[in-house]
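Worksheet: one structure, shown below.
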Amino acid sequence: MPELPEMEIATRRLAAALPGETIESALAPGINALKTFDPPLHAIEGRAFTGVYRRGKLLLLELDDLVLLLHLMSAGRLQLLDKRASLRDRTSRLLLRLPEGRELRMREFGSKQAAWVKLLRASDLEAEESLASLGPEAWPDPPPLRELLDAPRPLHSLLRDQQVISGIGRTWVDEILNVARLSPFKRGDDLSEEEAEALRAAMISELGRVLDVYEERVDLPLPEKFPKPTRVHARQGEPCPQCGTVLEAVFYEDYVMTYCPTDQTEGRVLKDRRLSRLLK
Ligand SMILES: [Zn+2]
(Lines give C-alpha, C1' and ligand atoms only; values in the text may rest on other atoms or scores of the structure.)
Protein backbone atom coordinates (compact mmCIF):
# COMPACT_ATOMS: atom_id res chain seq x y z
CA MET A 1 0.00 0.00 0.00
CA PRO A 2 2.65 2.63 0.71
CA GLU A 3 3.05 4.67 -2.48
CA LEU A 4 4.80 7.96 -3.12
CA PRO A 5 2.63 10.17 -0.86
CA GLU A 6 2.87 7.76 2.09
CA MET A 7 6.64 7.40 1.71
CA GLU A 8 7.09 11.14 1.18
CA ILE A 9 5.30 12.06 4.41
CA ALA A 10 7.20 9.31 6.27
CA THR A 11 10.43 10.75 4.89
CA ARG A 12 9.53 14.29 5.95
CA ARG A 13 8.55 13.23 9.46
CA LEU A 14 11.59 11.00 9.96
CA ALA A 15 13.92 13.60 8.45
CA ALA A 16 12.74 16.01 11.15
CA ALA A 17 13.25 13.48 13.95
CA LEU A 18 16.12 11.10 13.19
CA PRO A 19 19.24 13.06 12.22
CA GLY A 20 21.61 13.17 15.19
CA GLU A 21 19.96 10.18 16.87
CA THR A 22 22.34 7.33 17.61
CA ILE A 23 21.45 3.72 16.94
CA GLU A 24 22.12 1.71 20.10
CA SER A 25 21.41 -1.63 18.53
CA ALA A 26 20.08 -3.01 15.27
CA LEU A 27 18.22 -6.27 14.78
CA ALA A 28 16.55 -7.98 11.85
CA PRO A 29 14.48 -10.56 13.71
CA GLY A 30 12.49 -13.55 12.53
CA ILE A 31 12.34 -14.29 8.84
CA ASN A 32 15.22 -12.31 7.55
CA ALA A 33 14.19 -9.24 5.60
CA LEU A 34 17.84 -8.17 5.47
CA LYS A 35 19.08 -8.87 1.94
CA THR A 36 22.75 -7.98 2.44
CA PHE A 37 25.46 -9.34 4.75
CA ASP A 38 28.45 -7.09 4.01
CA PRO A 39 28.67 -4.71 5.81
CA PRO A 40 26.98 -6.55 8.69
CA LEU A 41 23.96 -4.92 10.33
CA HIS A 42 25.85 -4.29 13.57
CA ALA A 43 28.13 -1.92 11.63
CA ILE A 44 25.48 0.78 12.15
CA GLU A 45 25.41 0.39 15.95
CA GLY A 46 26.83 3.50 17.60
CA ARG A 47 26.31 5.56 14.44
CA ALA A 48 23.98 8.53 14.19
CA PHE A 49 21.53 9.20 11.37
CA THR A 50 22.82 11.87 9.02
CA GLY A 51 19.92 12.06 6.58
CA VAL A 52 16.57 10.60 5.49
CA TYR A 53 15.65 10.47 1.82
CA ARG A 54 13.08 8.97 -0.51
CA ARG A 55 13.40 7.66 -4.05
CA GLY A 56 10.17 6.33 -5.57
CA LYS A 57 8.66 4.09 -2.89
CA LEU A 58 12.09 3.42 -1.34
CA LEU A 59 13.38 5.02 1.84
CA LEU A 60 17.04 5.73 2.46
CA LEU A 61 18.37 6.17 5.99
CA GLU A 62 21.86 7.62 5.79
CA LEU A 63 24.46 6.97 8.49
CA ASP A 64 27.59 8.73 7.24
CA ASP A 65 29.07 6.42 4.63
CA LEU A 66 26.51 3.65 5.18
CA VAL A 67 22.91 3.68 3.97
CA LEU A 68 19.95 1.55 4.98
CA LEU A 69 17.67 1.08 2.01
CA LEU A 70 14.10 0.03 2.85
CA HIS A 71 11.25 -1.15 0.67
CA LEU A 72 7.97 -1.72 2.49
CA MET A 73 6.36 -3.46 -0.53
CA SER A 74 2.60 -3.80 -0.07
CA ALA A 75 2.23 -4.69 3.60
CA GLY A 76 5.21 -3.13 5.37
CA ARG A 77 4.93 -0.32 7.91
CA LEU A 78 7.58 1.88 9.45
CA GLN A 79 7.07 3.58 12.80
CA LEU A 80 9.13 5.57 15.28
CA LEU A 81 7.83 4.38 18.62
CA ASP A 82 8.42 5.31 22.24
CA LYS A 83 8.37 1.70 23.30
CA ARG A 84 10.44 -1.25 22.24
CA ALA A 85 8.87 -4.23 20.51
CA SER A 86 8.64 -7.60 22.10
CA LEU A 87 11.08 -9.89 20.35
CA ARG A 88 8.18 -12.29 19.97
CA ASP A 89 6.38 -9.80 17.73
CA ARG A 90 6.27 -11.80 14.52
CA THR A 91 5.55 -8.75 12.37
CA SER A 92 8.94 -7.16 13.11
CA ARG A 93 11.41 -7.09 10.22
CA LEU A 94 13.88 -4.45 11.41
CA LEU A 95 14.34 -2.93 14.87
CA LEU A 96 16.63 0.06 15.31
CA ARG A 97 16.90 0.85 18.99
CA LEU A 98 17.44 4.49 19.87
CA PRO A 99 18.15 6.27 23.16
CA GLU A 100 15.46 6.60 25.83
CA GLY A 101 13.73 3.37 24.91
CA ARG A 102 12.62 4.57 21.49
CA GLU A 103 12.71 2.42 18.41
CA LEU A 104 12.39 2.72 14.66
CA ARG A 105 10.48 -0.37 13.71
CA MET A 106 9.73 -1.89 10.32
CA ARG A 107 6.87 -4.38 10.52
CA GLU A 108 5.01 -6.35 7.93
CA PHE A 109 1.42 -7.51 8.04
CA GLY A 110 -0.34 -10.18 5.99
CA SER A 111 0.87 -13.52 4.78
CA LYS A 112 3.45 -12.43 2.21
CA GLN A 113 6.94 -11.59 3.39
CA ALA A 114 8.13 -9.20 0.78
CA ALA A 115 9.38 -6.08 2.58
CA TRP A 116 13.15 -5.84 2.55
CA VAL A 117 16.16 -3.97 3.88
CA LYS A 118 19.65 -3.58 2.48
CA LEU A 119 22.64 -2.10 4.23
CA LEU A 120 24.92 -0.55 1.61
CA ARG A 121 28.03 1.54 1.47
CA ALA A 122 27.16 4.99 0.17
CA SER A 123 29.72 4.45 -2.58
CA ASP A 124 27.75 1.40 -3.80
CA LEU A 125 24.38 3.21 -4.01
CA GLU A 126 24.79 4.21 -7.62
CA ALA A 127 25.19 0.58 -8.67
CA GLU A 128 22.25 -0.63 -6.55
CA GLU A 129 19.78 -2.19 -8.99
CA SER A 130 16.60 -1.28 -7.07
CA LEU A 131 17.56 2.39 -7.36
CA ALA A 132 19.29 2.40 -10.73
CA SER A 133 16.28 0.77 -12.40
CA LEU A 134 13.78 3.38 -11.19
CA GLY A 135 12.09 5.67 -13.65
CA PRO A 136 11.74 9.42 -13.00
CA GLU A 137 9.72 10.58 -9.97
CA ALA A 138 5.97 10.94 -10.50
CA TRP A 139 5.94 13.98 -8.24
CA PRO A 140 6.54 16.92 -7.92
CA ASP A 141 7.87 17.45 -11.44
CA PRO A 142 7.52 14.42 -13.71
CA PRO A 143 8.90 14.71 -17.25
CA PRO A 144 6.54 15.06 -20.24
CA LEU A 145 4.66 11.76 -20.51
CA ARG A 146 3.98 11.36 -24.23
CA GLU A 147 7.42 9.93 -24.86
CA LEU A 148 7.88 8.32 -21.43
CA LEU A 149 4.70 6.25 -21.81
CA ASP A 150 5.20 5.44 -25.50
CA ALA A 151 4.61 1.69 -25.19
CA PRO A 152 1.85 -0.70 -26.32
CA ARG A 153 0.68 -1.28 -22.75
CA PRO A 154 -2.39 -0.07 -20.83
CA LEU A 155 -1.94 3.07 -18.74
CA HIS A 156 -3.00 1.30 -15.55
CA SER A 157 -0.03 -1.02 -15.84
CA LEU A 158 2.45 1.50 -17.30
CA LEU A 159 1.88 4.03 -14.53
CA ARG A 160 2.47 1.41 -11.83
CA ASP A 161 5.67 0.17 -13.47
CA GLN A 162 8.38 1.65 -11.27
CA GLN A 163 10.93 1.34 -14.07
CA VAL A 164 8.76 3.61 -16.24
CA ILE A 165 7.81 6.18 -13.60
CA SER A 166 8.35 5.77 -9.89
CA GLY A 167 6.00 6.25 -6.97
CA ILE A 168 2.52 5.27 -8.18
CA GLY A 169 0.69 2.10 -7.12
CA ARG A 170 -2.78 0.58 -7.20
CA THR A 171 -4.53 3.19 -5.07
CA TRP A 172 -3.42 6.51 -6.54
CA VAL A 173 -3.37 5.32 -10.16
CA ASP A 174 -7.19 5.17 -10.09
CA GLU A 175 -7.42 8.73 -8.77
CA ILE A 176 -4.96 10.07 -11.32
CA LEU A 177 -6.63 8.41 -14.32
CA ASN A 178 -10.05 9.63 -13.18
CA VAL A 179 -8.90 13.24 -12.89
CA ALA A 180 -7.20 12.96 -16.29
CA ARG A 181 -10.41 11.36 -17.69
CA LEU A 182 -8.45 8.53 -19.28
CA SER A 183 -9.30 4.85 -19.54
CA PRO A 184 -7.10 2.54 -17.48
CA PHE A 185 -6.96 0.36 -20.61
CA LYS A 186 -5.88 3.07 -23.03
CA ARG A 187 -2.46 2.21 -24.41
CA GLY A 188 0.42 4.50 -23.61
CA ASP A 189 1.35 4.78 -27.28
CA ASP A 190 -2.20 5.91 -28.10
CA LEU A 191 -1.97 9.03 -25.92
CA SER A 192 -2.30 12.33 -27.72
CA GLU A 193 -0.04 15.19 -26.76
CA GLU A 194 -3.02 16.81 -25.03
CA GLU A 195 -3.95 13.65 -23.09
CA ALA A 196 -0.36 13.17 -21.99
CA GLU A 197 -0.30 16.71 -20.66
CA ALA A 198 -3.63 16.20 -18.83
CA LEU A 199 -2.26 13.01 -17.31
CA ARG A 200 0.88 14.75 -16.13
CA ALA A 201 -1.16 17.56 -14.58
CA ALA A 202 -3.44 15.03 -12.84
CA MET A 203 -0.42 13.17 -11.49
CA ILE A 204 1.02 16.33 -9.97
CA SER A 205 -2.28 17.58 -8.57
CA GLU A 206 -3.53 14.25 -7.16
CA LEU A 207 -0.29 13.19 -5.49
CA GLY A 208 0.04 16.74 -4.18
CA ARG A 209 -3.54 16.72 -2.86
CA VAL A 210 -2.94 13.50 -0.96
CA LEU A 211 0.30 14.84 0.47
CA ASP A 212 -1.47 17.98 1.65
CA VAL A 213 -3.95 15.80 3.55
CA TYR A 214 -1.09 13.84 5.09
CA GLU A 215 0.70 17.05 6.06
CA GLU A 216 -2.39 17.92 8.10
CA ARG A 217 -3.16 14.52 9.51
CA VAL A 218 -0.06 12.33 9.70
CA ASP A 219 2.45 12.69 12.46
CA LEU A 220 4.96 10.59 14.35
CA PRO A 221 5.04 7.79 15.33
CA LEU A 222 3.53 7.35 11.81
CA PRO A 223 0.24 5.49 11.58
CA GLU A 224 -0.19 1.78 11.08
CA LYS A 225 -3.11 2.72 8.83
CA PHE A 226 -2.86 5.93 6.85
CA PRO A 227 -5.94 8.06 6.29
CA LYS A 228 -7.05 7.35 2.73
CA PRO A 229 -8.27 10.49 0.98
CA THR A 230 -9.52 8.49 -2.01
CA ARG A 231 -12.41 9.70 -4.15
CA VAL A 232 -12.41 6.88 -6.71
CA HIS A 233 -10.26 3.87 -5.77
CA ALA A 234 -12.39 1.04 -4.29
CA ARG A 235 -15.39 3.40 -4.22
CA GLN A 236 -17.39 1.54 -6.89
CA GLY A 237 -21.11 2.27 -6.45
CA GLU A 238 -20.39 5.82 -5.28
CA PRO A 239 -20.69 8.91 -7.51
CA CYS A 240 -17.74 9.99 -9.67
CA PRO A 241 -16.17 13.15 -8.19
CA GLN A 242 -15.96 14.68 -11.70
CA CYS A 243 -19.45 13.99 -13.07
CA GLY A 244 -21.59 12.08 -10.57
CA THR A 245 -21.92 8.87 -12.64
CA VAL A 246 -21.83 5.73 -10.54
CA LEU A 247 -18.24 4.45 -10.38
CA GLU A 248 -17.61 0.94 -11.71
CA ALA A 249 -14.85 -1.52 -10.93
CA VAL A 250 -12.89 -4.37 -12.41
CA PHE A 251 -11.91 -6.97 -9.83
CA TYR A 252 -8.58 -8.72 -9.99
CA GLU A 253 -7.31 -11.43 -7.72
CA ASP A 254 -5.81 -9.13 -5.13
CA TYR A 255 -6.90 -5.64 -6.06
CA VAL A 256 -9.65 -3.58 -7.60
CA MET A 257 -9.50 -1.02 -10.40
CA THR A 258 -12.18 1.66 -10.12
CA TYR A 259 -13.17 4.06 -12.90
CA CYS A 260 -15.96 6.29 -14.20
CA PRO A 261 -17.62 4.95 -17.37
CA THR A 262 -18.73 8.42 -18.46
CA ASP A 263 -15.37 10.15 -18.06
CA GLN A 264 -13.02 7.32 -18.80
CA THR A 265 -14.40 4.51 -20.95
CA GLU A 266 -16.89 6.20 -23.31
CA GLY A 267 -19.79 4.73 -21.37
CA ARG A 268 -18.53 1.15 -21.48
CA VAL A 269 -18.78 -0.87 -18.28
CA LEU A 270 -15.94 -3.34 -17.99
CA LYS A 271 -16.98 -5.43 -15.05
CA ASP A 272 -15.78 -8.75 -16.33
CA ARG A 273 -12.11 -9.25 -15.94
CA ARG A 274 -11.99 -11.64 -18.89
CA LEU A 275 -13.30 -8.78 -20.99
CA SER A 276 -10.77 -6.44 -19.43
CA ARG A 277 -8.00 -8.83 -20.44
CA LEU A 278 -9.15 -8.71 -24.05
CA LEU A 279 -8.95 -4.95 -23.97
CA LYS A 280 -5.34 -5.01 -22.88
ZN1 LIG B 1 -17.19 10.77 -14.05
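The values are calculated or read from the model by the stated rules, or taken from the named source; none is laboratory data. In this text, all values refer to a predicted model and were calculated from it rather than measured experimentally. Because the Cβ atoms are built from the backbone with ideal geometry, glycine has one as well, and the counts that use them run over all protein chains shown. Accessible surface areas use protein heavy atoms only, side chains included; no ligands, DNA or RNA. Shrake-Rupley method; radii C 1.70, N 1.55, O 1.52, S 1.80 Å.
Structural remarks
- Å² per residue, accessible surface of the range 1-58 at 1.4 Å: 42 Å²
- Evaluated at q = 0.18, 0.22, 0.31 Å⁻¹: base-10 log I(q)/I(0), Debye formula over Cα of the range 195-248: -0.78, -0.96, -1.10
- Percent carbon-and-sulfur accessible area, the range 1-130, ignoring ligands, DNA and RNA, probe 1.4 Å: 50 percent
- Evaluated over the range 75-147, the Cα radius of gyration and Dmax, each in Å: 16.9, 52
- On the range 135-270, 47 percent of the accessible area sits on carbon and sulfur atoms, based on a 1.4 Å probe.
- Along its three principal directions, the equivalent ellipsoid of the chain from the Cα gyration tensor extends over semi-axes of 37, 19, 17 Å, largest first.
- Accessible surface calculations at 1.4 Å, restricted to protein heavy atoms, place the range 218-266 at 49 Å² per residue.
- Projected label distance in nm at PHE251 and SER157, using a 7 Å step from Cα toward the beta-carbon: 2.2 nm
- Accessible surface calculations at 1.4 Å, restricted to protein heavy atoms, place the range 74-187 at 44 Å² per residue.
- Length added when fully stretched, PHE37-SER205, from 0.36 nm per residue minus Cα-Cα: 56.4 nm
- Remark: spin-label model distance ARG88-LEU125 equals 4.0 nm, labels positioned 7 Å along the Cα→Cβ axis.
- Here is the size of the range 97-207 from its Cα atoms: Rg then Dmax, 17.5, 57 Å.
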